[in-house]
Amino acid sequence: MTDRAVRHFAIYAGDRLVLVVRDNPGTLRSTAGPAPGDPGPPGRPGTNGPPPGTHPFIDAQAHDPAAESRLRELLDASSSFDDYLARLLDAGFDIASCRPERGLEYELPSGRRLYDGTELAGACWPTRGQFTTLLRQPAGDELAFDVATATAYRDAAATRLLEALAASGTFDELLERLAAARLKAA
Amino acid sequence: MGEYTHAEPTVEDAPRRRVVTPPATADLTAVRSAIGNRAFGSLLRRQRVARVASHKPRRPAPRRPPSWPELEAALADNTKDVKAIVGRVREDQLNQMWKVPDWVRKLAAAMSPERFAYLAAAIMLDSSHVPAGRKEALRLLSAMLHDKETALRMIVRPVTVVIVPRDMQPTELEEFQSLLTKDEGKGPGKTFDGRQWAHVRGFSDVTYGIGVYVAIIEENLLGGAPDPKVFEAPTDDKGNVIGAKGAVVGGLPVGFSNTTHEMAHAIFRQGLTAEERKLVTRCYQAKRAATSGAGSLVANLWPDGPRINPVAPKRWKDKGWTDETRLRYLVGLSDDARRVYENYSSQNVDEYFAQLANAYVGANLGIDGATLEPRNNGRDWVASKEPKEMLDLLDRLFNHATVNDIDANGELKARGRCANPPRPPGKRGRT
């Protein structure tokens, strides 16, 4: 597997896309009309620093007005990209690999959260898509499966989830294989 | 700037009220003062008591509304005036037609695209807060609904387009109150980039119940500026301040329609098929790729002009930057970091489509907020800068419609039709 240079995830509330995030300093963009324009230079000529107002660890585009306030609140409480992802999961959002060159999936078919015992371990959706973990994301179309889109939220679940994906011909079969691997769908 | 004509609504144009029974006291101002703006907005919705006082009819009650068979027969007859037929149906009845999709589909099959576009716009429009804006809103929305299948998907979703009065915060209206209190009241009612939703004038794709709602604004339909009081700090049901006061801003440029912009967002999300959205995405990404690098970043290929302004603004030059040093700096930034300096239509695929739609219908006047460069406008411009597959899609959606009368350069013609016209002198406050 080739890791992406910059991780790029789509965040869902239920089946609805609410945010697209990149693990890179950038801007926070709302669905509301344009924010104030050119923020001016970063300093004196020759400065190569980021533009004024650049977020230190994330570039993000919101996609659901009703969720924006909560998403920003969680971001403000976060200390890093990974901390933000963890807070999003705790708040009930789900995370899928984003392949923007294929167009955003604004709605996913109803998915299932996966639990390893009582711990949230991942999620899967019955539509073609990419397998990813939160820390390592495949490049391009690597690890794309017809049977499901899937994310391992815990590294301990990654191998089991990937093996079940590779062996399954249908979404129901995937859930059966995951259950046999002690990953129960809620 | 020349003079522009604008279809100023008449009393005859105004739809009949949903219910025209005012409260017993008829003292709406006193009620509003007593319970606060937000609760007053909810009251209006619940009781269907809109501002009847300023819209007293000059003539007796209108004709009997048509029965459903009469309505169906009249709408299916393409020789009859669809505006007159639709005008005989109460708006709240039109707004319920999404519940009978088979009947609407049957009508769609029988009606010409232009006539069905008008009916579709009337089904989606809620002008109950601003009856005076109804005629102009229908003119603009129907220009964008020429593709029956797209319109049907939006009707069935259902999509509702609500006109927000110029003197109300959108979050005072029931459909948009969730923006203040979503997430069990934990959210502070802010946009992701930190603004107050209460102060945003126009947005799309707000889910409420089973529907999707679009907020368009009175001042952009009838011209002029919003009432400064809409930028006051938002309050909750009990009148407690729950946000900060915002900076007062005026109206949008003459000829720029954020009505069509927001409707384009709704079309993109709720009307287009997944394959059509992928086509738009491909075109967006191709344009991003074609405007990367030192030379092409400044190419004028986007609906809102070049991706970045090649000339350093004064605030940069005041700090010693030149055009060359600034351009070198911008080229060296990552795509993510550079976005704050780039035009609005290049920010993401949603804004690209919305601004491209605006340009197509001739409503993309003014300058871009980030680059300060003029926006591009008109179908001719779109045809010259977009691939054929994108132009084909827009032609199917909008069928060469233009909501402004513009010349070959995309500029407004004097005395022509104009969305967002200059506000006539002396007209202030509510219409």
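Read the figures in this text as sums done on the coordinates, not as results from a lab. Source: prediction; values computed, not measured. Heads up, the Cβs are rebuilt from the backbone with ideal geometry, glycines too, and the neighbour counts pull from every protein chain shown.
Table for the structure above
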read-out	value
Extended-chain gain in nm, criterion 0.36 nm per residue less alpha-carbon gap, B:GLU70 and B:ALA414	119.6 nm
Kirkwood Rh, angstrom, the protein assembly as shown [1 / mean 1/r, Cα pairs]	25.9
Amide H partners (placed H, <5 Å) of A:PHE57, local residues excluded	A:GLY26
Dipole magnitude of the range B:276-398, debye to nearest 20 (Cβ charges: Lys/Arg +1, Asp/Glu -1, about Cα centre)	280
Cut-off 9 Å between beta-carbons: net charge of the residues surrounding B:LYS317, Lys and Arg +1, Asp and Glu -1	+2
Greater than 31 Å apart at Cα, pairs in B:LYS388/B:LYS413; B:LYS80/B:LYS388; B:LYS319/B:LYS413; B:LYS135/B:LYS413; B:LYS135/B:LYS245	B:LYS80/B:LYS388; B:LYS319/B:LYS413; B:LYS135/B:LYS245
Aspartates and glutamates with Cα under 20 Å of A:LYS184, excluding same-chain neighbours fewer than 8 positions away	A:ASP15, A:ASP90, A:ASP94, A:ASP116, A:GLU119, A:ASP155, A:GLU163, A:ASP172, A:GLU173, A:GLU176
By average C-beta atoms within 10 angstrom, highest first, the peptides A:44-51, B:358-365	B:358-365, A:44-51
Spin-label proximity, B:ASN300 to the range B:390-415 - amide N less than 19 Å from point 7 Å beyond Cα toward beta carbon	B:406-413
Between the range B:78-144 and the range A:89-108, the alpha-carbon center distance in angstrom	35
Chain A: radius of gyration and largest Cα-Cα distance (Dmax), Å	17.6, 62
Positive-end residue, the range A:1-89 charge dipole about Cα centroid, Cβ charges, pick of A:THR54, A:ALA77, A:ALA66	A:THR54
Karplus-derived 3J(HN,Hα), 6.51/-1.76/1.60, for each residue of the range B:154-161, Hz, glycine and proline x	6, 4, 6, 3, x, 9, 10, 9
Distance between the range B:304-339 and the range B:193-258 - C-alpha centres, whole angstrom	31
Average beta-carbon neighbours from other chains, 10 Å sphere, peptide A:39-46	6
Partner chain coverage, peptide A:70-76 - average Cβ within 10 angstrom	4
Nearest-ten-degree value, helix A:155-167 long axis tilted from longest Cα axis of chain A	60
Expected-Rg normalisation [2.2 N^0.38 Å, Cα atoms] applied to the range B:78-146	1.04
Reciprocal mean inverse distance between Cα atoms of the range B:276-398 - Kirkwood radius, Å	14.8
Qualifying aspartates and glutamates (Cα of each under 15 Å from Cα of B:LYS287; at least 8 residues distant if same chain)	A:GLU101, B:ASP304, B:ASP335, B:GLU342, B:ASP350, B:GLU351, B:GLU386, B:GLU389
Neighbour net charge for B:ALA151 - beta-carbon separation under 15 angstrom, K R +1, D E -1	+4
